[in-house]
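Throughout, read-outs are computed from the coordinates displayed, never taken from laboratory work. No experiment lies behind these values; they were computed from the predicted model shown. Positions of Cβ are generated from backbone atoms using ideal geometry, with glycine treated the same way; all protein chains shown enter the neighbour counts.
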Amino acid sequence: MLNLKKNAVTSSVIILCLVVYSLKLCSSSLVFDYLLFDWDKMVSQGQIWRCFTPALIHFSFSHILMNILFFNYFSEHLEIFRGKYRLVCIILITGIISNFAQALFSGNCNFGGLSGVVSGIIGYCIMISPYPYCPEVFRSAISLCVVNIIFNIIAFYMDEPVAFWAHGIGLMAGIVLGIFDYFRLMRQSALEPKFKDYVEVIKSNMQIHR
């Protein structure tokens with residue numbers, strides 16, 4: 001549920017997605033002309049917002065509904081746990097990296113959706129979940145990650161228009177950020193980060209939620 005005071009960043013991203021989707025229903029050309037990933041306009045005209053804004057574009061009601069539900073499920077807890085500034089960094093980093101990956105490796109700039117960010121947040125939550133004081137909900141991220149991977153495999157073989165590169169690279173970006181923050185939080189809490197123990201907790205989460 002949207003809470004502008006408690007979860008300002010999460011709520012703002014969801015509202016932006018809904019606004020962009022509403023504008024697309026009224027004028028898809030307007031949204032695509034100003035928000036789609038475009039190498040030429042980013043370089044020659046300095047429209048750097050296009051690095052991220054494809055994440056706000058959704059092509060159907062089911063597309064935006066699923067992304068918003070998954071995003072809100074983890075992001076609202078992540079915002080409380082890590083703070084607004086850190087969540088903004090995670091969203092921007094995973095969104096920009098996943099967009100560049102999709103455009104670069106697919107050779108097609110006609111894509112959109114918050115899936116790259118959602119995958120990044122899922123990866124982040126999985127890798128930071130061994131931290132003793134993290135929200136319990138983070139430990140369920142592994143289940144959603146498995147579902148996401150299965151969905152992408154099925155979509156690939158069915159030749160569905162899914163941004164595979166955005167999902168995969170977004171997930172990896174989130175994993176890297178999660179590992180970095182886990183060890184930093186452990187040191188800040190005067191806890192000794194042991195890689196062996198870290199791996200064992202990840203394995204335990206996988207067994208619990210598989």
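Observations on the model:
- Placing unit charges on the Cβ atoms only, positive for Lys and Arg and negative for Asp and Glu, gives region 32-94 a dipole magnitude near 220 debye about its Cα centre.
- A convex hull fitted around the alpha carbon atoms of region 25-152 yields 115 Å³ per residue.
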